[in-house]
Structure formats: C-alpha cells, structure tokens
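Q: The structure's right below; bear with me while I get my questions together.
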Amino acid sequence: MSSSLHVALRQSKYESLLKGAVFVGIILVLGGSYKLSEIDLPLLWSEDGLHASADFLTGLIPPAHSREFLSYIIKPTLDTLYIAILGTLMGVFLAFPLSLLASHSLTQMGKDESAAEQTPLKKFCRTAPYVLSRGLLNLLRSIPELVWALIFVRAVGLGPLPGVLALGIAYAGMLGKLYSEILDAVDTRPIEALRSTGASKLNIVFYGYLPLALPDLIAYTLYRWECGIRAAVVLGFVGAGGIGQEVELSMRMFNYHEVSTLLMILCLLVGMVDIISGQIRKRMI
C-alpha cells in the first residue's frame, strides 16, 4: 500500500512539474512574441491615435446616399458577388479530382493484394499520385489569395478576372485538402459491403464514398463560398475589382462617408449569402 502511494505521489509530482513547465513555456512564448512584434498598445490611446480614430468614425456619418453614388456601386457589388461565385466554382472543379488522388483511403484501395502481386511498379503507381496531389494541394493553399491576386493582376491586368483566378487557385488547395479528409473519414463498412459485390473502383467512389460524404462536402463548400465574399473584398485592394477596390479608393481620398455605405452593402451581401447557403443546406442535406 505504501509503495503504491509513493508511486502515486511521485506521478502527481511529475505531472505538476510538467504543467508548470508548460505554463512557463507559454508565458515565455507570448512574452517573446510581444517583444519581437514591437507592439505598442499605448499608441491607440495617444493624442494622435485618438484624433485619427475620431476623424475616421465621425467621417462615416452620414453614409453616402446620393443616387449617383448608389447607382455607381451597383457594378462593383455585382463584381464582388461574381468573383466569389466563380472563384468558388473554379476551386471546386479543381479540388474534386485532386482530392480523389489525395485521399489515402481511395489510393489504397486494393491493398488486400498478396505480397507477390504488389510489385514495385504497382506500389509506385499507387503512391505517386497521392504524393504529387498532396504536394500540389499544399502548394496551392500555402500561397495566400492576396499573393495569387498580385500575380494574376500582373499577368492579365486589373479587374475581376484576377480575383476569380486567385480565389479559384487558393480555394482549390483548401477545398482539396478538406475533401480528401472528409473522404478518409467516411464509414468504411458500407464501402466494404460494396467491394464484396465486385464493384469497380469508380463505382465504389460514386456509389459508396460520395453519397456518404456529400453532406459534409456541401457544407464546407458553402462555407468557403461565404468566405469568398470577404476574400473578394480584400482582393480588390490590389486591383482585383469589386467593392474592395472602391473601399481602397474612398479611403485614399478620405471619403469616409462612402466607405460607410460600402461597408453596409458588404454586410448586407454577406447576410444574403448566409441566408442562401442556409437554405441550400436544408434542401440538399
């Protein structure tokens, strides 16, 4: 009894030391990050900071509501919506085939072959698409949409097109990674039952994996579309068109009342997309 009590006390002591070390490590990391980032929070409450903030906030009221301005921003608003829709669709079409190749469970179908049947060539043909697709997805999503937009603005010029291309490429990497993980998380028992009937790999994918994974695939795609609205606005700051470009121009000209109107339109746009995506989820899922 005393031996077990001694062991329990020693284990409790080690756990306390470990928790203390983790806590100290977190404090050191946070303190080092604060120091290296050179954050100066008192600047927010300095006289210049308060004066600039007051000028901006008071400039937002009243919002610009002239007929000329409201009619002018119809096209940028539609451009933002189009960029989000087309960029998300482009990302889906690129992500889906890549996710099939990047799914471990799909690329490993047929692993029940005997050791003699698993020749080096078969192993290479099975693993090469998986490795290459994973690497491509990592590359696509590691570069932010803003950088892609800068690249495409240089390539095709200003306007909505570079925004669509930037969102499509970046979202292909994000959605492809999510799709592959969703496919890997599918319950394999119905899949095994389908395989036992002698179904081909293509039939297993379209009649086994996809019906089971479809609700999650739709949900994540719609969520990415909602994010695309906000991303399209940010891309406008580098010349990709839409509301973001108008916000950047109004900010540069100190027309804060126009910024106020543009932000309200953005909020309405995001709310509208949220309602539409919610209705689609209810009907399709």
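Q: Can you tell me the order of 271-280, 242-251 when each peptide is scored by its average per-residue count of other Cβ atoms within 10 angstrom, highest first?
A: Numbers: 271-280: 13.4, 242-251: 21.4.
Peptide ranking by packing, descending: 242-251, 271-280.
Q: Here is a follow-up. Once the Cα gyration tensor of segment 154-285 is found, what semi-axes does its equivalent ellipsoid get, as square roots of 5 times the eigenvalues, in whole Å, sorted largest first? Before the final figure, lay out the partial values.
A: Numbers: eigenvalues 336, 59, 15 Å².
Largest first, segment 154-285 gives 41, 17, 9 Å.
Q: Would you work out which of A185, L269, S196 lies farthest towards the positive end of the dipole of segment 72-284? Charges go on Cβ: Lys and Arg +1, Asp and Glu -1.
A: S196
Q: Alpha carbon centre of segment 230-272 versus segment 185-226: separation in Å?
A: 39
Q: Turning to a different aspect of this structure: For a test of the definition: using alpha carbon positions, the gyration tensor, and the 1.5 limit on a/c, classify segment 223-285 as rounded, prolate or oblate. Walk me through the intermediate numbers first.
A: Values: a/c = 5.24, a/b = 2.20, b/c = 2.38.
Here segment 223-285 falls in the oblate category.
Q: Test of understanding: ordering V29, V270, V259 by Cβ neighbours within 10 Å, fewest first, what list do you get?
A: Values: V29 10, V270 16, V259 22.
Ranking V29, V270, V259 by Cβ neighbours within 10 Å, fewest first, gives V29, V270, V259.
Q: Compute the FRET efficiency between V24 and F237 as 1/(1 + (r/R0)^6), taking r as their Cβ-Cβ distance and R0 = 51 Å, and round to the nearest 0.05. Spell out each step's value before the answer.
A: Working: r = 41 Å, r/R0 = 0.80.
With R0 = 51 Å, the Cβ-Cβ based efficiency is 0.80.
Q: Classify segment 164-212: rounded, prolate or oblate, from the alpha-carbon gyration tensor (a ≥ b ≥ c, eigenvalue square roots; a/c under 1.5 rounded; otherwise prolate if a/b is larger than b/c)? Before the final figure, lay out the partial values.
A: Values: a/c = 4.62, a/b = 2.62, b/c = 1.77.
Verdict is prolate for segment 164-212.
Bear in mind these aren't lab numbers, they're just calculated from the coordinates by the rules spelled out. All of these numbers come straight from a predicted model, not from anything done at the bench. In this analysis, Cβ positions are derived from the backbone assuming ideal geometry, glycine residues included, and neighbour counts consider all displayed protein chains.
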